[in-house]
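Heads up, the thing below is written out as structure tokens.
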Amino acid sequence: MIWVFVQFASTILLAVVSGIAAWAAGRVCHAPTAGKMASRLRASLVLICVAGLILLVKLAATVLLAATAGWVFVEDKAVAQLPMLVIPAAAVLLCAFPAAKAIREKIRETAKSPNEPPSPQARLSAAEPLWAFPICLKYIGALLSVIQQFFIAEWPLPVGKILAVWAVFVAWACLLWIELRNRYRRLAAAGQPKWGTRAARLYRKAGTALAAAIVLVGWFVFGAQASRVPDRMSMAGGEQAHGHALHAAADAQAVNIAELTGPRSEMPDRQFRLEAQRTTVTLPSGERREAWTFNGELPGPELRVKQGELVEITLINRDIDAGVTIHWHGIDVPNAEDGVAGLTQDAVMPGQQHVYRFTADQAGTYWYHSHHQSSRQMRMGLYGTIIVEPAEAPAQQPLDLAVMLHEWQTENGTTVTLGGLSRLQRVKAEPGTPVRLRFVNAGNLPASIYFSGVPFQVAAIDGVDLNEPGDLTDARLELAAGGRYDVAFVMPETAVGVVRSAGPFGPDSEALVISPADEGLPPDAAADSVFDPASYGTPAETKFGPDTRYDRHYTLVFDNRLGFYNGKFNFVQTINGRVFPDAPMFMVREGERVKMTFANRGFEDHPMHLHGHHIQVLSRNGKAVTGSPWIADTLNVAPGEWYEVAFEADNPGIWMDHCHNLDHVIAGMSAHVAYEGFYSPFEIGRATVNMPD
Ligand code: C2O
Ligand code: CU
């Protein structure tokens, strides 16, 4: 959404231009000659007009953003910044412009030649506070606006902090006024320039700089300290959780989530062993490097099970020093099987093992990955696909392929992957064969997928089948990080292609080509539209509709700003202005209907992933979903977008609710949905084996 960016950019530009204008305006009265004085005056007027135009752009962007995206997108900026920008602008119009006129006239009346020093009267009128003060004030307002924008972007409105910013504005304005007035008085009394000695000015500047440095360093040290995750803490023990029954000590009746396991005694229908290990892999470039893999494969082995089966997976950590876990992304397993280190289990250390058990009730495309130091471990390769096939076999044997989109590539895997391989891969299929391609985005950013050579359908999103999906041609898919799309079509007589970018197919395209014989290339890939899940397929009955009454409604506003996360200064990614572990705790009770509103005020995509539940998307940017029910576990919220979603609290425990751009998780972007009356016996922090991501 363009206005998000215009709003931000104009604020910064305004501070820069009004800063230069203030500097120029202050120099007018120091001009050595009458000619210089006149030209400095002109230059400052031009700069002020430019600043005025930028302010108009900013105001327009604010209004448009509020009108198109909603008040929540501009709230803090409008409330905090506008008074500090508009009042000085009015003062410039009402005071500085008339003062400029007076200065110009004085110069014209009294100057004999432009090369001579200005007359004392001209200099005095240029030192008149009503000239420079409003212009400097405008700069102060613009500077504080930038600070507000980069450091205290919060929701709900941080009233105290905004008042503090205003207090600084007023105090700074008073000091400035006193200084300008004294300068004027001194000049009027002396009758000629006497600005104080060079040394005195230097001392003052040095003093101010030192004071600013002390404040800055103090804030840095304190902020970094305060943001450090303690050596030992309950992951679900964030600020908001206090007072709720999350700790065993707090409530004797509270249920330990470690007891919320899958069926433990029955014989499993399927058993798998996944060994986490260091592996040396060969990149397509020939370069060899270390990866962390499951069973030596990258991505890890594809697990295929049938709907209804009891699945048992034994995780063995051979030599991943930091420990490892497995999270079953998108499968709504019982809480204790969820694989989150420090919340539902301890990280599995080298030589140890851990058994996961759950019933695969939901047919569909899912994936698994380590949920311990996720950002690092996923980058190193600890992930794979898990496919739950429908219980009853299809009438005709399909070509059913998982296609993983990820960021680095090796020759060690068996799963079809697209990303970084730069090589055309081929698969054979007889004409008439039903084809199902299961795309999994294991990367941090949304992934584009182009199709060529056949009309296709998006059959499922995040493992959930869509209702009556229609044929698509020339549409590109944008798949959320962590999300899955299943694409279906019937194999034609000619080649079909799947590729990451538009254009012709060649031997080194990042592409998959399916053809009846291992030859032939599909037509060039192109797309004139992007697949939109909000208006695709046919409506069907859903759990939540326009008349649903919700027991809880939570709003999550996403921002980026400068700040601290776990002891480090960073560009942090916030939920309601805060980073983990201070991020909000969303409390629910079993059986409740919960509505959530997501609004992204920042610059980056946030693929929001709620563990243990699927969410129904109700609306995007205020427009209700019109097509098939759209049920997801990972929903990409783009800059300037807002969504309303709903879920039923039907899987008790404590669940992560986080952004699946894992670089954002290490910049603070994770929160939890916690059921009342449950607690986690596990802890995170340096004194434990569990690291916050
Ligand atoms: Cu795919 Cu919390 O993770
Ligand atoms: Cu994010």
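The values are calculated or read from the model by the stated rules, or taken from the named source; none is laboratory data. Every value quoted in this text rests on a predicted model; they were computed, and no experiment measured them. Note that each Cβ is placed from the backbone with ideal geometry, even for glycine, and that neighbours are counted across all protein chains shown. The protein model used for the area step is the full one, side chains on, heavy atoms only, and it has no ligands, DNA or RNA in it. Shrake-Rupley method; radii C 1.70, N 1.55, O 1.52, S 1.80 Å.
Please indicate, with yes or no, whether at least one residue in region 672-680 is in a loop (DSSP other than H, G, I, E, B), within 16 Å of ligand 2 (Cβ to nearest atom), at pLDDT below 95 and surrounded by fewer than 24 Cβ atoms within 10 Å (Cβ to Cβ). Taking every residue of region 672-680 in turn, none turns out to be in a loop (DSSP other than H, G, I, E, B), within 16 Å of ligand 2 (Cβ to nearest atom), at pLDDT below 95 and surrounded by fewer than 24 Cβ atoms within 10 Å (Cβ to Cβ). Does Leu175 satisfy the condition of being open to solvent by 100 Å² or more (accessible area, probe 1.4 Å), modelled with pLDDT of 90 or more, within 30 Å of Trp131 (Cβ to Cβ) and assigned to a helix (DSSP H, G or I)? Criteria met by Leu175. Considering region 475-497, the residues that are in a strand (DSSP E or B) and open to solvent by less than 10 Å² (accessible area, probe 1.4 Å) include one that is farthest from ligand 2 (Cβ to nearest atom), namely Val496. Give the residue that is nearest to Val146 (Cα to Cα), with candidates limited to residues of region 58-83 that are β-branched (Val, Ile, Thr) and surrounded by fewer than 16 Cβ atoms within 10 Å (Cβ to Cβ). Ranking the candidates gives Val79 first. Val4 falls short on exactly one of the conditions (1) crowded, with 17+ Cβ neighbours inside 10 Å; (2) out of contact with any strand residue (DSSP E or B) (no Cβ under 9 Å at 6 or more places or on another chain); (3) not small (Gly, Ala, Ser), and that condition is (2). Residues in region 640-671 that are in contact with a helix residue (DSSP H, G or I) (Cβ under 9 Å, 6 or more places away or on another chain), part of a strand (DSSP E or B) and open to solvent by 30 Å² or more (accessible area, probe 1.4 Å): 1 in all. Looking across region 596-648 at every residue that is touching a strand residue (DSSP E or B) at 6+ places or on another chain (Cβ under 9 Å) and basic (Lys, Arg), the one that is nearest to ligand 2 (Cβ to nearest atom) is identified as Arg601.
Within the set His354, His371, the sole residue that is within 16 Å of ligand 1 (Cβ to nearest atom) and either of a type outside the set (Phe, Trp, Tyr) or part of a strand (DSSP E or B) (or both) turns out to be His371. Checking each residue in region 498-525 for being of a type in the set (A, V, I, L, M) and loosely packed, with under 12 Cβ neighbours inside 10 Å picks out only Ala517.
Applying the criterion of being closer than 20 Å to Gly640 by Cβ and of a type in the set (Phe, Trp, Tyr) to the residues of region 558-575, the residue that is nearest to ligand 1 (Cβ to nearest atom) is Phe558.
Annotation: of all residues in region 681-693 being open to solvent by 10 Å² or more (accessible area, probe 1.4 Å) and at pLDDT 90 or above, the one that is nearest to ligand 1 (Cβ to nearest atom) is Phe682.
The condition of being assigned to a strand (DSSP E or B), within 30 Å of Ala459 (Cα to Cα) and not hydroxyl-bearing (Ser, Thr, Tyr) does not hold for Leu562.
Scanning region 628-639 for residues that are modelled with pLDDT of 95 or more and either of a type outside the set (A, V, I, L, M) or open to solvent by 10 Å² or more (accessible area, probe 1.4 Å) (or both) returns Ser628, Pro629, Trp630, Ile631, Asp633, Thr634, Asn636, Ala638. Scanning region 548-585 for residues that are of a type in the set (S, T, N, Q) and either open to solvent by 10 Å² or more (accessible area, probe 1.4 Å) or over 23 Å from Trp655 (Cβ atoms) (or both) returns Thr548, Thr555, Asn560, Asn566, Asn570, Asn576. Scanning region 278-300 for residues that are part of a strand (DSSP E or B) and at pLDDT 85 or above returns Arg278, Thr279, Thr280, Glu290, Ala291, Trp292, Thr293, Phe294, Glu297. Apart from one condition, Ala15 fits all of (1) under 26 Å from Met1 (Cβ atoms); (2) not in a helix (DSSP H, G or I); (3) not basic (Lys, Arg); the exception is (2). Only residues that are of a type in the set (D, E, K, R) and under 27 Å from the mean Cα position of the chain (by Cα): list them for region 466-505, please. Within region 466-505, Arg476, Glu478, Arg484, Asp486, Arg500 meet the criteria.
Starting from residues that are open to solvent by 10 Å² or more (accessible area, probe 1.4 Å) and of a type in the set (Gly, Ala, Ser), keep the ones in region 596-627 and report whichever is farthest from Gly537 (Cα to Cα). Ranking the qualifying residues of region 596-627, first place goes to Gly622. Any idea how many residues of region 274-313 are out of contact with any Lys or Arg (no Cβ under 9 Å at 6 or more places or on another chain) and under 16 Å from Ser370 (Cβ atoms)? Summing the residues that are out of contact with any Lys or Arg (no Cβ under 9 Å at 6 or more places or on another chain) and under 16 Å from Ser370 (Cβ atoms) in region 274-313 gives 9.
For region 619-639, the set of residues classified as farther than 27 Å from Leu662 by Cβ and outside any loop (DSSP other than H, G, I, E, B) consists of Ser619, Lys623, Ala624, listed by residue number. Here Val46 clears all of (1) under 27 Å from Pro158 (Cβ atoms); (2) out of contact with any helix residue (DSSP H, G or I) (no Cβ under 8 Å at 6 or more places or on another chain); (3) of a type outside the set (Asp, Glu) except the condition numbered (1).
When region 27-37 is filtered for residues that are part of a helix (DSSP H, G or I) and buried (at least 20 other Cβ atoms within 10 Å of the Cβ), the ones remaining, listed by number, are Val28, Cys29, Ala34, Met37. Selection of region 358-375 for residues being within 22 Å of Leu343 (Cβ to Cβ) and either over 30 Å from the mean Cα position of the chain (by Cα) or without any contact (Cβ under 8 Å) to a residue 24 or more places away in the chain (or both) yields Phe358, Thr359.
When the criteria are applied in full, Met267 meets the requirement of being modelled with pLDDT of 95 or more and either under 30 Å from Phe564 (Cα atoms) or in a loop (DSSP other than H, G, I, E, B) (or both).
When we screen Asn651, Asn690, Asn661 for residues that are within 16 Å of ligand 2 (Cβ to nearest atom) and in contact (Cβ under 8 Å) with a residue 60 or more places away in the chain, the only hit is Asn661. With respect to the conditions (1) within 32 Å of the chain's Cα centre (by Cα); (2) modelled with pLDDT of 95 or more; (3) surrounded by fewer than 17 Cβ atoms within 10 Å (Cβ to Cβ), Pro431 lacks only one, and its number is (1).
Where residues in region 595-614 are assigned to a strand (DSSP E or B) and within 15 Å of ligand 1 (Cβ to nearest atom), which of them is nearest to Glu641 (Cα to Cα)? Once the filter is applied, the top-ranked residue is His606.
Scanning region 455-470 for residues that are open to solvent by 20 Å² or more (accessible area, probe 1.4 Å) and assigned to a loop (DSSP other than H, G, I, E, B) returns Pro455, Leu466, Asn467, Glu468, Pro469, Gly470. In region 650-668, the condition of being more than 16 Å from ligand 1 (Cβ to nearest atom) and either closer than 30 Å to Asp361 by Cβ or modelled with pLDDT of 95 or more (or both) is met by at least one residue.
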